[in-house]
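The values are calculated or read from the model by the stated rules, or taken from the named source; none is laboratory data. Being a predicted model, the structure only gives us computed values, none of them experimental. Here the Cβ is made from the backbone with ideal geometry for all residues, glycine too, and neighbour counts use every protein chain on show.
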């Protein structure tokens, strides 16, 4: 597959449907040079997920039965939003751990919502049952070419905005966002995956040499809590030698507080996970190394202004 062509086509399809999110540069404690930030929490529904959702719906016919999606919260909101904008029906399945803020966000968009006991994997199993029974189209959160190509538009856009970085830090759950970045860059810049210690699907897969199931928990689990890394992400990471560093819940929360206190950027724990690697020392840049951090989500729980 020619990923760059797929991502370029996705960018054309998505034009007028997704936001071009801003970038800023700011000093970070312990880092020699200013860090570049991509503010993807300012995307529609508060995360990068709208990119993959719109590309999926615009690149193939949608059946009369509509759409079905399983989500930790952000993907479900994005699919619900894209479906509403394009005139399709959508059934969204989320685990209880998605939390009230993300559940209410999906409800406000207007999709039919089912809250499933347990974790993301349980919601995915139920969504697949409905897909098979009703003939609805599944919009996978991370392990589908159209999803990955849509997420890759984020990195293509960032380069168009003049990104100057040797290394990019990107948080990983199921791997759709980092897969899109790897697919677009093709090894032209260094990418470092950042995962919570308690939700380490890519880290475990790289250790095992294949995707494996992991237990998931922690403050970012409702966004980064995939039980198994996507095959697309794993294949790209192996091919490009991308490694994963782990950060604690405490480091994630410290990065989240710093982003609000110093930059007035309100992000959820998943959105602060990549920065946590810098601030905690899990990733230490070399002298003169230019670093960029992708802030991927802003759906804070509880919603601070409700």
Report task. Starting from residues that are closer than 13 Å to residue 77 by Cβ and touching a strand residue (DSSP E or B) at 6+ places or on another chain (Cβ under 7 Å), keep the ones in segment 103-133 and report whichever is surrounded by the most Cβ atoms within 10 Å (Cβ to Cβ). Result -> 106
Requested in this report: Name every residue in segment 1-10 that is surrounded by fewer than 20 Cβ atoms within 10 Å (Cβ to Cβ) and touching a helix residue (DSSP H, G or I) at 6+ places or on another chain (Cβ under 8 Å), in order of residue number.
Outcome: 1, 4, 8, 9
Report task. For segment 177-221, name all the residues that are within 18 Å of residue 94 (Cβ to Cβ) and not in a loop (DSSP other than H, G, I, E, B). Result -> 221
Report summary line: Of 274, 251, the only residue that is assigned by TED's automatic domain parsing to the domain that holds residue 158, in a helix (DSSP H, G or I) and touching a helix residue (DSSP H, G or I) at 6+ places or on another chain (Cβ under 8 Å) is 251
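Let's see how each residue does on (1) outside any helix (DSSP H, G or I); (2) touching a helix residue (DSSP H, G or I) at 6+ places or on another chain (Cβ under 7 Å); (3) at pLDDT 90 or above:
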residue	(1), (2), (3)
61	yes, no, yes
64	yes, no, yes
105	no, yes, no
124	no, no, no
129	no, no, no
143	yes, yes, yes
Query raised in the report: From the list 183, 201, 156, 171, which residue is outside the structural domain of residue 58 (by TED's automatic domain parsing), within 14 Å of residue 40 (Cβ to Cβ) and within 15 Å of the chain's Cα centre (by Cα)?
Result: 171
Query - Tally of residues being touching a strand residue (DSSP E or B) at 6+ places or on another chain (Cβ under 7 Å) and crowded, with 16+ Cβ neighbours inside 10 Å across segment 90-101 - result: 6
Report task. Could you tell me which residue of segment 222-248 is surrounded by the fewest Cβ atoms within 10 Å (Cβ to Cβ), considering only residues that are in contact with a helix residue (DSSP H, G or I) (Cβ under 6 Å, 6 or more places away or on another chain) and part of a helix (DSSP H, G or I)? Result -> 240
